[in-house]
Amino acid sequence: AKTSGKNRYHLFNSAFYDAMRQRTKREKELRAAIAENQFVMHYQSRVDCKTSKVTSLEALVRWNHPTEGMLGPDEFIGLAEETGLILNLGELVIDLVCTQIAQWAHGVYACVPVSINVSSRQFNERDIRESIASALARHGIDGSCVEIELTESSMVVDPRRTADNLRAIHALGVKLLVDDFGTGYSSLSMLHNMAFDVLKVDKSFTSRLGIDESGEVFFRAIITMAHSLGMRVVAEGVETAEQARILEALQCDELQGFYLFRPVPAEELPGSLHLDSLS
Ligand code: C2E
Ligand code: CA
Ligand code: CA
Ligand code: CA
């Protein structure tokens with residue numbers, strides 16, 4: 001019994017050290033990737049329900065890993081957050097997006113704002129207003145060309161500072177969006193006071209539409225209240241024609257999801273901002 005216990009310990013031990021080694025390797029790679037800029041942005045269109053036109057593009061980061069190919073954010077954003085590398089990665093993302101916007105200055109996408117996902121640490125530990133303002137100035141673009149997406153959990157760290165920060169960002173002409181709405185604990189009036197322009201309802205609510213009443217009940221309540229407070233509502237993760245139809249009937253303002261557009265590199269974006277029909 002003693003030896004098997006010892007073996008188990010060794011097994012555990014080596015699995016633990018493997019995981020540690022793997023993590024250390026990844027962290028080193030990520031640090032190099034930031035220094036060498038191995039990242040590319042993909043863009044997912046958001047569509048206005050009434051006009052069927054693209055209203056905005058969400059910038060989603062990808063890591064073009066030298067040996068493993070294109071990695072999605074779920075494979076590195078968590079580690080970047082834990083290690084603090086997200087602060088530098090976040091700056092890089094802002095720069096990549098602004099570079100792209102400047103390149104679009106004369107094309108179809110010239111007047112479509114791009115929304116940038118900002119992580120909690122980036123928002124709470126950096127002067128994000130300054131990061132955005134200097135990137136806008138560096139690339140010679142207007143504040144109305146960018147939007148930022150923040151999750152509810154980023155705001156609870158320091159609500160007073162958050163409110164001040166958001167007001168300062170808003171003053172640049174940058175729109176503010178709440179990401180994954182419904183998964184945190186913020187109230188609509190708080191979000192209204194924090195000058196948010198748009199609520200992006202989390203895809204877990206969208207996926208319930210047409211299956212049972214709960215998704216519809218949630219959307220109806222949120223849309224009514226958001227509109228009375230002057231905010232627009234975007235449904236995330238729209239995957240079916242039925243979901244799109246229900247959301248249109250509920251007066252949801254905008255839709256985003258694989259049913260409409262998948263995230264793609266800038267050069268693969270459709271040549272027209274108009275979608276033939278929603279459902
Ligand atoms: P998110 O901000 O909620 O972004 C939406 C995610 O859902 C994206 O995954 C998108 O590809 C995916 N998606 C879009 N439509 C659909 C759909 O119809 N069905 C389903 N099942 N999924 C859909 P992605 O690109 O893997 O990004 C995952 C998360 O990583 C993002 O969630 C965001 O929290 C984070 N992220 C992405 N880019 C950045 C970035 O530049 N900076 C930071 N800090 N976080 C980022
Ligand atoms: Ca987002
Ligand atoms: Ca989201
Ligand atoms: Ca998310």
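How many residues does the stretch 147-180 hold that are away from ligand 1 (no atom under 16 Å from the Cβ), open to solvent by 70 Å² or more (accessible area, probe 1.4 Å) and not in a helix (DSSP H, G or I)?
Residues flagged as away from ligand 1 (no atom under 16 Å from the Cβ), open to solvent by 70 Å² or more (accessible area, probe 1.4 Å) and not in a helix (DSSP H, G or I) within the stretch 147-180 amount to 2.
Looking at Leu79, Leu60, Leu85 in this structure, which one is at pLDDT 95 or above, aliphatic (A, V, I, L, M) and buried (at least 19 other Cβ atoms within 10 Å of the Cβ)?
After applying the criteria, what remains is Leu85.
Between a residue in the stretch 230-259 that is farther than 14 Å from Gly215 by Cβ and any residue that is part of a strand (DSSP E or B) and among the polar types (S, T, N, Q), which pairs come within a Cβ distance under 7 Å, given they are 6 or more apart or on different chains?
If the second residue must be part of a strand (DSSP E or B) and among the polar types (S, T, N, Q), the pairs left are Glu254/Thr55; Gln256/Gln44.
Does Ile101 satisfy the condition of being more than 16 Å from ligand 4 (Cβ to nearest atom), closer than 22 Å to His42 by Cβ, assigned to a helix (DSSP H, G or I) and at pLDDT 95 or above? Write out each step before concluding.
Working: more than 16 Å from ligand 4 (Cβ to nearest atom): yes; closer than 22 Å to His42 by Cβ: yes; assigned to a helix (DSSP H, G or I): yes; at pLDDT 95 or above: yes.
It is true that Ile101 is more than 16 Å from ligand 4 (Cβ to nearest atom), closer than 22 Å to His42 by Cβ, assigned to a helix (DSSP H, G or I) and at pLDDT 95 or above.
I need the full set of residues from the stretch 81-98 which are more than 16 Å from ligand 4 (Cβ to nearest atom) and of a type in the set (Val, Ile, Thr), in order please.
Thr83, Ile94, Val97
Show the residue pairs meeting these rules: Cβ distance below 9 Å; 6+ apart or different chains; first residue within the stretch 114-129 and surrounded by fewer than 19 Cβ atoms within 10 Å (Cβ to Cβ); second residue polar (S, T, N, Q) and not in a helix (DSSP H, G or I).
Going by the 9 Å Cβ cut-off, the qualifying pairs are Ser120/Thr151.
Residue check: is Gly237 modelled with pLDDT under 95 and of a type in the set (Gly, Ala, Ser)?
No.
Looking only at the stretch 181-214, filter to residues that are without any contact (Cβ under 8 Å) to a residue 24 or more places away in the chain and either of a type outside the set (S, T, N, Q) or crowded, with 16+ Cβ neighbours inside 10 Å (or both); which one of those is farthest from ligand 1 (Cβ to nearest atom)?
Glu213
The values are calculated or read from the model by the stated rules, or taken from the named source; none is laboratory data. Here the structure is a predicted model, which is why all the values come from computation and not from measurement. We place every Cβ from the backbone using ideal geometry, glycine too, and count neighbours over all the protein chains shown. Just the protein is used for accessible areas: all its heavy atoms, side chains included, with ligands, DNA and RNA removed. Shrake-Rupley method; radii C 1.70, N 1.55, O 1.52, S 1.80 Å.
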